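Asks: After the structure tokens below, expect a handful of questions from me.
The values are calculated or read from the model by the stated rules, or taken from the named source; none is laboratory data. Every value quoted in this text rests on a predicted model; they were computed, and no experiment measured them. Ideal geometry is used to build each Cβ from the backbone, glycine not excepted, and the neighbour counts take in all protein chains shown. Ligands, DNA and RNA are excluded from the accessible area calculation, which covers all protein heavy atoms including side chains. Shrake-Rupley method; radii C 1.70, N 1.55, O 1.52, S 1.80 Å.
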Amino acid sequence: MRHLISPMDFSVEELDRLLHLANDIEKYPEKYAHACDGKTLATCFYEPSTRTRLSFEAAMLNLGGRVLGFADEANSSAAKGESVSDTMRVISCYADICAMRHPKEGAPLVASEKSAIPVINAGDGGHQHPTQTLTDLLTIYSLKGRLDNLTIGLCGDLKFGRTVHSLIHALIRYPNIRFVLISPEELRVPSNLHDEVLVRNNIPFKEVVRLEEAIPELDILYMTRVQRERFFNEEDYIRMKDFYILNKEKMELAPEDMLVLHPLPRVNEISVEVDDDPRAVYFKQAQYGVYVRMALILTLLNIAEV
Ligand code: CP
């Protein structure tokens, strides 16, 4: 039995297989419509979500399976003090696979240690969001045709943005990847990611503050929102929240084939006027999230033949 807790849990070869499966699902959805007949997915969300929870549920329903779960800690027995380990032991009696989001870093890992079914980390605090990374990789691979030889600008809240942390971990395994880390000084990537991942692995990167300076050299611009829920005080959030706003004027500085990704939800960091630009692919990215989660469910349930 396998879990998905970190984007590093899959080798590059396994990721390739998963992305190819997701591409096949996109092309021939009818082939997979009964692949999970009789199977049940539990979604245990202790933190708010629109895309991750609903795309997991859509994924399982598209595969012919069923879903159950809770979308709010307050409506679960966590509100009475139950531990994630105990909850997971119980969910194992009701479902075949579980996607869990939790505000505490490491909670899905703890849950997986007591689980009799595969556990998927659907986001743990400011730590990791591996299925968003699978979504991002599928989007880049499908629309750019490669996951190597890319200059990737990561812009916004690089300190608390777990999607950025996971994406860096995943992308450094591909050849000739270069990062431009675009953030205010206070929201730079955490020092462990900077020192132990980027520097230690000799990954080419630079840190800049101005988006205008970085944008002309990018293949991918990955925008992120400032993570209000992770700030210790509201004043700091208010000071930072509109630091970056991608608008039409800035898009004029970008290469014609640059893609703009965003894990969503967006707040103000991408002006709605950018949505009609063919380079803005963040809503397509949300659609890719369903295909890749379908591929992930099949993979973790060991459903090879359809
Ligand atoms: N991208 C993402 O994780 O969105 P949700 O918080 O809506 O799930």
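Asks: Given a 1.4 angstrom probe, what's the average accessible area per residue across the chain, in square angstrom? Present the calculation step by step, with values, prior to reporting the outcome.
Replies: Numbers: 13430 Å² over 306 residues.
Per-residue accessible area for the chain comes out at 44 Å².
Asks: To continue, here is another question. Mean 1/r over all different Cα pairs, inverted: what Kirkwood radius does the chain give, in Å?
Replies: Values: mean 1/r = 0.0506 Å⁻¹.
In the chain this quantity evaluates to 19.8 Å.
Asks: Within the stretch 68-119, which GluC sites (Glu not before Pro) sit in a loop by DSSP and count at most 13 neighbouring Cβ atoms inside 10 Å?
Replies: Sparse-neighbourhood loop GluC sites (Glu not before Pro): E82, E105.
Asks: Sort out for me the Cα centre separation of the stretch 22-92 from the stretch 198-220, rounded to whole Å.
Replies: What the calculation gives is 36 Å, centre to centre.
Asks: List the lysines whose Cα lies under 30 Å from the Cα of K39, skipping any in the same chain that are fewer than 8 positions away.
Replies: Here the lysines satisfying the reach criterion relative to K39 are K27, K31, K80, K104, K114, K284.
Asks: Restricting to Cα pairs below 8 Å that are 6+ residues apart, what does the relative contact order work out to for the chain? Please round to a whole percent. Don't skip to the answer; put the middle values down first.
Replies: Numbers: 576 pairs, mean separation 60.5, N = 306.
20 percent.
Asks: Now a separate question. Within the stretch 80-166, report the trypsin sites (Lys or Arg not before Pro) that DSSP leaves as loop and that have at most 16 other Cβ atoms within 10 Å.
Replies: K104, K114, R146
Asks: Only Cα pairs under 8 Å and at least 6 apart count here; give the relative contact order of the stretch 85-140 as a rounded whole percent.
Replies: Working: 80 pairs, mean separation 18.9, N = 56.
Computed over the stretch 85-140, the figure is 34 percent.
Asks: Near the amide H of Y222, under 5 Å away, which other amide H atoms are found, from residues 5 or more places off or on another chain, if H is placed in the peptide plane?
Replies: Hits under the 5 Å cutoff: G153, L154, C155, L261.
Asks: With θ set to phi - 60°, apply the Karplus curve 6.51 cos²θ - 1.76 cosθ + 1.60 along the stretch 6-22 and write out the HN-Hα couplings as whole Hz, x wherever there is a Gly or Pro.
Replies: Working through the residues one at a time gives 10, x, 7, 5, 10, 6, 4, 5, 5, 4, 4, 4, 5, 5, 5, 4, 4 Hz.
Asks: Next question. Picking from I270, L301, V281, whose Cα lies most toward the positive end of the charge dipole for the stretch 245-306 (charges on Cβ: Lys, Arg +1; Asp, Glu -1)?
Replies: The residue sitting farthest along the positive end of the dipole is L301.
Asks: Using the beta-carbon distance between E213 and E186 and R0 = 22 Å, what value does 1/(1 + (r/R0)^6) give for FRET efficiency, to the nearest 0.05?
Replies: Efficiency for this residue pair is about 0.75.
Asks: Under the rule of at least 5 residues apart or a separate chain, name every residue whose amide H is placed under 5 Å from the amide H of I97.
Replies: The list, which skips near neighbours in sequence, is T40, A42.
Asks: Over the chain, what percent of the accessible surface lies on carbon and sulfur atoms, probe 1.4 Å? Write out the running numbers ahead of the final one.
Replies: Values: 6540 of 13430 Å².
Here it works out to 49 percent.
Asks: Could you pull the Rg and Dmax for the stretch 171-306, using just the Cα atoms, both in Å?
Replies: Considering the stretch 171-306 through its Cα atoms, Rg and Dmax are 17.2, 54 Å.
Asks: Provide the percentage of antiparallel DSSP beta bridges, counting only those with both residues in the chain; round to the nearest 5.
Replies: For the chain, the DSSP antiparallel bridge percentage is about 5.
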